[in-house]
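To start, the structure itself, in structure tokens.
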Amino acid sequence: MNKAITDGILFTPSSFSAGLSQWSSGDGVPGSDSYQNAANAAFVPADQDFSGCLELQKTQSLQKLRFKGQTPILPGCYLRVTARIKAISGALPSVRIAGFAAGPGGAALPGVLTTGASVALTSYGQVVEVSAIVGTGARAGVTMAWGLDAIYGHFGLDLTGPNGGTVRIDDIEIEDITGVFLRDMLGTVDVRDFGAKGDGVANDAAAFLAADAAANGRLVVVPEGTYFLDSDVTIQSHIRFEGHITMPVARVLSLAQDYHLAAYIDAFGDEVLAFKKAWQCLINASDHESLDLCGRRIDVKAPIDMAAAVPNRTEYAQRRVIRNGQFFVGNSSDWDDTVVTSQASYAVNQPLKLTGVVNVANVPVGALITGVGVGREVYVRSKNVATQEIELLQPLYDAAGAQVYTFRRFKYVLDFSGFAKISKIIIADVEFNCSGRASCLLMAPAGLIFQVRDCVFNDPKDRAITSHGEGCQGMLIDRNQFLSAEVNMAAQDRKSIAFNTNGNDVKIRDNRITQHRHFAVIAGTSNLFAGNHWYQGDATGQGVRLAGLVMTQSNCRNSIVGNYIDNCFLEWTNEHDPAPDFSSEYSFAGLTVSQNVFQCGHTVPWFTFIVLKPYGPGHFIQGLCVTGNTFRTIGNAIDRVESVDTSLADLDWTRCRNVWIKGNSFNGVSSMIENPRALPLIVNTAASTWTLDTSGLLPFGGRVRNVEAVVPRGPLRTGANAVVWAHPYVETERGTGGRSVELVWPQALKGTASVTVRIDN
């Protein structure tokens, strides 16, 4: 860059031979005295060292010489002012380059240095050269840094020291030396040229914005130093950081052309802080829909509070993506669980509250609650310290009265719980490497369509994804891997859970999950599980197997289709019902289990793949479809594939309806179930009442509530072997537990019949 060449600007003042009227004995401003006809000044046309010079006698303690012409001061342009001088006679003075800094309106610019280094003249006739550099930025070597408010200058020199001496001064030169400071003169703009200090104290925000405005397609360069930005800054140009930035938490840095984590790491020097500031920009700026982590590994030693990084927002509902990187959890006590025990009271008529909570201020929001009568995955949704109340995520099923509860707050790599509501956030192609030290994601208490796709959750300590509210409404979990840190433990000793949900309409597709205590605990309804493979076995012979998928709403409306369910079972409960006894409500209904592969190996014979567990009496099945599945065991066989856990209550088998179990295949299973089911009945001795005992042959060992068809297989004969044509009527729910059906004929007959029976209406 050279403005004299590129813009035709003339920086060098008029020569002394053009007349001394352009040279002032003051600051050079309009109206100041000139050296024209001055008694102590004269033009000397010939000198052995100079081809024309000013001879000047020092008569004042500060003898000024200033060019009256206005030399422009331009951002990014640096000028060197040079004077050659020699002493002729009298006292020997000192000399320095000096100037007048003019700000807006021509007024003197306050607070800037206007003189160069002083050089003493030590002999007569010796030519001494003095110079100084002036410009807008405080670069190394710049003597007079005047900043962006400088408009122009009047330049010359000062004589200081004793009076009476005479000197001769050659024509003063001013040259553009910007090229000395610019590494790429046409391709970069340096923020220091626009007044940035880089001292970590001065607010350099205006300088950054000015440099960006002037870049016009060039690269903005931030040299070494610490630059404090105390306002929101948006850079529209490409930018390169050699120094680092500091900003208050509430201030936003938006890098429009370089919006990715690598640029923010360059800007802030700390990868966790860089991620927080990049996330803050993603939520506050409209220029970008996704934050690319650039495949970087971010080492984290404490939970990242995603809401605290964006203090100006409590809600957000635009699509935004965090993608392509890894969070690596380092060893730190900041990952330790916060555990609080406290007495509280629970009442069924306030199913989502704990009241009279002792020391409620110490109970953390988002903590898992355990105690008598508390179902799985019940969390603290919010608290009110003034009223000593806690809002529960789900009701408790048998906890009326007062007791001591334990509140355990897990620590998460990305913690969204500080938001009131957040929707349409996507985490994609991200690996959480937790090393058994931390959990991964804690969602906001409210929101819609949070999506996690193509991610890997490695070794979470307690949970991969936790919802402590309804921020999981409509959540999408697709093509992820959930890899447990507890693979070497017996299944019953594990405690980690891949995720839980409470909202409805969740889609869980094509994931792979290994050896957690549970794959998922689902409290919402109308959910879809498709194409997943979850495995929960261990190396224990005849080992205990636990639930893979737990559904806690009796009227669940869930579809479980095309999954590989390995060494675990589906558990269907009503454990989040504050009054779990049946009472004029929808009972167990709305579950479709279709086209899945169920497999187990080396487990106990009484293991089953589908378990219903009512938490109170009176419930019944009113809608269940199990079709097209494959049930297979490796090693020892199992008795059956389905059961009811009656440890708290049994189902009311007199009210079953809408159960459809057909088209399944069974390998290594003793009882192969169907409903409706055609069973053979062979009677070799003529009798008017034929009894068919279905014990163990119908799903769940249920009662015979209906007979769909009776078809004789061959002739019906009397005791004398005479063939007769007859049709019976049926009596259902006979015998022990109502598990038998009676065919009543008009006379004593013998023969074979196929009887199609159902456990439901």
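About its Cα centre, how strong a charge dipole does region 3-180 have in debye, to the nearest 20, once Lys and Arg get +1 and Asp and Glu get -1 at the Cβ? Each step should come with its number before you reach the end.
Details: 11 positive and 14 negative charges, 55 e Å.
Here region 3-180 has a charge dipole of around 260 debye.
Roughly how big is the chain's charge dipole about its Cα centre, with Cβ charges of +1 (Lys, Arg) and -1 (Asp, Glu), in debye to the nearest 20? List each step's numbers first, then the result.
Values: 63 positive and 72 negative charges, 400 e Å.
I would put it at about 1920 debye.
When 277, 507, 197 are ordered from fewest to most other Cβ atoms inside 10 Å of their Cβ, what list results?
507, 197, 277
Read through the labelled values (i) 179; (ii) 204; (iii) 170 and report the label of the one computed as volume of the Cα convex hull per residue in Å³ from the structure.
Structure-derived value, by its label: (ii).
Which pairs in the list 424/507; 495/613; 507/662 are over 18 Å apart, alpha-carbon to alpha-carbon?
Numbers: 424/507 14 Å; 495/613 20 Å; 507/662 25 Å.
Beyond 18 Å between Cα atoms: 495/613; 507/662.
Would you list which lysines come within 26 Å of residue 68, measuring only between C-alpha atoms, while excluding same-chain residues fewer than 8 positions from it?
Hits, sequence-local ones excluded: 3, 58, 86.
With both bridge residues required to lie in region 622-761, what share of the DSSP beta bridges run antiparallel, to the nearest 5%?
Working: 27 of 35 bridges.
If we restrict to bridges inside region 622-761, about 75 percent are antiparallel.
What is the magnitude of the charge dipole of region 677-758 about its Cα centre, with +1 placed on the Cβ of each Lys and Arg, -1 on the Cβ of each Asp and Glu, and no other charges, expressed in debye to the nearest 20?
Roughly 140 debye, rounded to the nearest 20.
With a cap of 14 neighbouring Cβ atoms within 10 Å, and only residues DSSP puts in a loop, list the chymotrypsin sites (Phe, Trp or Tyr not before Pro) found in region 686-761.
Numbers: sites: 690, 700, 725, 729; in loops: 725.
Listed in order of number, the matching sites are 725.
Net charge around residue 710, counting only other residues with Cβ within less than 14 Å of its Cβ (Lys, Arg = +1; Asp, Glu = -1)? List each step's numbers first, then the result.
On the way: positive: 677, 713, 758; negative: 708, 731, 742.
Charge balance near residue 710 sits at 0.
Rounded to the nearest 10 degrees, what's the angle between the helix 271-284 long axis and the longest principal axis of the chain, both from Cα atoms, 0 to 90?
The helix 271-284 is inclined about 80 degrees to the chain.
Which of 759, 169, 151 comes first, and how do the rest follow, when ranked by fewest Cβ neighbours within 10 Å?
Working: 759 26, 169 23, 151 18.
Listed from fewest to most nearby Cβ atoms, that is 151, 169, 759.
Sort 372, 44 so the one with the fewest other Cβ atoms within 10 Å of its own Cβ comes first.
On the way: 372 12, 44 15.
Neighbour counts put them in this order, fewest first: 372, 44.
As I understand it, the dipole of the chain uses +1 on the Cβ of Lys and Arg and -1 on the Cβ of Asp and Glu, about the Cα centre. Which of 34, 373, 209 lies farthest toward its positive end?
Going by the Cα projections, it comes out as 373.
Using the charge dipole of region 18-88 (Lys, Arg: +1 at Cβ; Asp, Glu: -1 at Cβ; taken about the Cα centre), state which of 23, 78, 51 has its Cα farthest towards the positive end.
Farthest along the dipole direction, towards plus: 78.
Express in whole angstrom the spacing between the alpha-carbon centres of region 680-724 and region 62-88.
If we compute the Cα centre of each part, the gap is 120 Å.
Rounded to the nearest 500 deg cm²/dmol, what is the calculated helix-only ellipticity per residue at 222 nm for the chain, with -39500 (n - 2.57) per DSSP H run of length n ≥ 4? Working shown, then result.
Values: 4 runs with 37 residues, N = 761.
My calculation for the chain gives -1500 deg cm²/dmol from helical runs alone.
Using 1/(1 + (r/R0)^6) with R0 = 30 angstrom and r between the beta carbons of residue 361 and residue 317, what's the FRET efficiency to the nearest 0.05?
Numbers: r = 31 Å, r/R0 = 1.04.
The calculated FRET efficiency here is 0.45.
Report, to the nearest 10°, how far helix 205-215 tilts away from the longest principal axis of the Cα atoms in the chain, using its own Cα long axis and a range of 0 to 90°.
Between the helix axis and the principal axis of the chain, the angle is about 80 degrees.
Computed from the coordinates by the stated procedures, all read-outs in this text should not be read as laboratory data. Please read all numbers here as calculations on a predicted model, not as lab measurements. No Cβ is skipped: glycine too gets one built from the backbone with ideal geometry, and neighbour counts run over all protein chains shown.
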